[in-house]
1. Placing +1 at every Lys and Arg Cβ and -1 at every Asp and Glu Cβ, with all other atoms neutral, what dipole size does segment B:28-94 have around its Cα centre, in debye to the nearest 20?
2. Specify the residue with the greatest mean-square fluctuation among B:THR70, B:THR101, B:THR34, computed from a Gaussian network of chain B linking alpha-carbon atoms under 10 Å apart.
3. Taking each residue of A:94-101 in turn, how many C-beta atoms of other protein chains fall within 10 Å of its C-beta, and what is the average?
4. With the crude spin-label approximation of a point 7 Å out along Cα→Cβ, what separation in nm comes out for A:LYS145 versus A:GLU270?
5. To the nearest 10 degrees, how steeply does helix B:3-20 sit against the main Cα axis of chain B, on a 0 to 90 scale?
6. With an 8 Å Cα cut-off and a minimum separation of 6 or more residues, compute the relative contact order for segment B:65-139 in percent.
7. Can you compute the charge dipole magnitude of segment A:91-147 about its Cα centre, using +1 on each Lys and Arg Cβ and -1 on each Asp and Glu Cβ, nothing else charged? Give it in debye, rounded to the nearest 20.
8. Which ³J(HN,Hα) values in Hz, rounded to whole numbers, follow from the phi angles of segment A:114-127 under the Karplus curve 6.51 cos²θ - 1.76 cosθ + 1.60, where θ = phi - 60° and Gly and Pro get x?
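The values are calculated or read from the model by the stated rules, or taken from the named source; none is laboratory data. For clarity, every value in this text was computed on a predicted model and none was experimentally measured. Positions of Cβ are generated from backbone atoms using ideal geometry, with glycine treated the same way; all protein chains shown enter the neighbour counts. Calculation scope for accessible area: heavy atoms of the full protein, side chains included, ligands and nucleic acids excluded. Shrake-Rupley method; radii C 1.70, N 1.55, O 1.52, S 1.80 Å.
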Amino acid sequence: MQEETRLHAGGRKGAAAGARSGPAARPAARRPVADAGEGGQASARIDPKVAGPGTERSIVALKHRHLLGILGLAAEEITLILDTARSFAEVSTRTIKKVPTLRGKTIVNFFMEPSTRTRSSFEIAEKRLSADTLNFSLSGSSVTKGETLLDTARNLEAMAPDMIVIRHKASGAPHFLARHCRSNIINAGDGWHEHPTQALLDAFTIREKKGRLKGLRVAIVGDLMHSRVLRSNLFLLETMGADVVACAPPTLTPVELSRLGAQVTFRIDEALEGADVVMMLRIQRERQKGGAFPTAREYYNLYGLTAERVKRARPDVIIMHPGPMNRGVEIDSAVADGPYSVILEQVTNGVAVRMAVLYLLAGGTLGGIAG
Amino acid sequence: MDAEKIDRSLTRIAHEILERHRDVEKLVLVGIRTRGVPLSQRLQKKIAAIEGTELPLGVLDINLYRDDITSVGPSAILKETIIHFPIDDRKVILADDVLFTGRTIRAALDGLMDFGRPRSIELAVLVDRGHRELPIRADYVGKNVPTSLEEMVQVLLKEEDGRDEVLLVKRPEKKESRRSPAKAPVRAAR
């Protein structure tokens with residue numbers, strides 16, 4: 001518990017500015033659902049003798065009604081999401097790519113930051129589950145007219161959506177919404193804080209390729225400072241027992257990173273040595289006004305992933321990138337399109353993982369919310 | 001029901017299926033997870049032994065088609081649906097362990113329709129325990145078991161549970177709603 005608190009504190013310091021609503025919101029995120037759907041009941045009802053040999057006592061429902069971050073999710077919950085996603089991958093291979101599971105549910109995609117991949121991935125996932133979707137984005141919305149987040153949330157809530165998928169530039173915005181809305185909230189990226197579905201789809205991709213997460217050496221290279229993808233992945237990989245080595249120029253490395261459990265290095269060759277998985281992070285040009293490195297070309301020379309550098313990793317290494325890629329900055333085209341790259345598989349898997357998250361959160365709804 | 005009775009029932013059902021369908025080519029088997037799967041595999045073996053033809057076999061997970069998924073929540077981990085053959089114009093034999101309210105079968109029918117337009121669908125179950133809530137009946141029944149709602153029918157199969165047996169047990173006292181509670185624990189016992 002103490003460990004967790006410590007991690008948490010570090011994590012938020014990383015999130016730094018804008019994390020105002022973070023601390024108060026956290027308990028809400030970790031609040032166990034009063035009655036975890038049928039999960040608790042069902043397993044309580046099974047007679048262990050009847051259940052037979054080799055029966056795994058795995059959980060069948062999440063303990064949370066929001067997905068605000070990876071921090072606070074138990075290993076068994078992560079496993080449940082990944083297992084469920086595996087089954088959903090099949091739905092996307094059918095001729096009729098649609099199941100009626102979330103029929104009559106309304107899901108709002110509330111995207112206050114530009115996003116192509118994540119938003120379309122969520123939208124496709126929602127549509128394949130037969131939910132009704134409403135897209136609400138920055139341009140042309142009342143937010144540009146000066147409405148506060150709380151007012152926007154209240155107005156959204158007044159239309160009785162069942163779930164809200166939120167992307168926001170302020171860390172903690174989803175937590176804030178979770179405190180003020182009855183809908184299930186899904187964090188689709190908040191500031192520098194977390195991007196849980198990205199970490200889940202990364203984990204899913206790794207597991208599909210490697211068969212496991214435990215004991216793998218995962219190198220994460222790139223803009224560690226501004227990356228919510230890093231934080232979510234770090235929490236997830238730590239929980240699942242993988243070893244993470246993080247690499248960036250000192251100017252893009254948050255000081256508390258090593259306290260979060262990652263090994264930190266400033267040399268990419270060192271990070272790549274013997275890696276099973278290499279995750280490249282995007283150099284976020286829109287957040288580079290401080291001049292953390294002189295030029296993109298210098299960054300490429302010192303930290304860009306080239307075919308030559310990949311040779312230091314294990315021969316069966318997989319190369320990942322959450323997108324959008326800056327070719328010739330953090331990653332060379334030859335690597336991005338090369339044999340080790342699973343970058344497009346990540347996108348495909350994203351739909352299945354998001355379907356799983358929506359399905360599991362919807363399932364807990366009535367059993368979960370108190371009255 | 002013990003192992004021998006289960007086996008005899010399945011042998012009889014296999015014969016009944018063949019009796020009713022002369023042209024085996026059009027037949028396909030689809031098992032409903034969890035325990036419909038081993039049952040359909042056994043039927044497949046038996047039909048192969050009698051007729052010398054191995055019927056295509058599919059596996060259907062009905063969780064995504066349940067009518068109570070958003071109210072009750074998942075009762076089992078979602079598993080993959082595997083139907084690798086076209087079911088258009090085929091005669092589908094759907095197999096499950098227990099026929100109770102009929103809601104599982106309703107969900108399975110919806111699920112199958114997403115894979116094509118079969119010529120016909122027939123239902124084979126090991127146990128029919130009555131208490132239907134929907135206009136659904138089985139075409140092939142291993143055993144009809146009159147039950148009360150306070151009872152649960154538990155089908156144990158070697159492939160899932162290590163032994164073959166059908167048990168009728170008293171449902172433990174619970175405050176839960178009476179809607180299909182008896183079946184849920186059996187399916188959840190995975």
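1. Charge dipole, segment B:28-94, about its Cα centre: 300 debye, nearest 20.
2. Highest fluctuation among the options: B:THR70.
3. The mean count of partner-chain Cβ atoms within 10 Å per residue comes to 5.
4. Once both label points are built, they end up 5.5 nm from each other.
5. Here the helix axis deviates by roughly 50 degrees.
6. In percent, rounded to a whole number, it is 39.
7. Value, rounded to 20: 380 debye.
8. Working through the residues one at a time gives x, 7, 10, 4, 4, 5, 5, 5, 4, 5, 5, 4, 4, 5 Hz.
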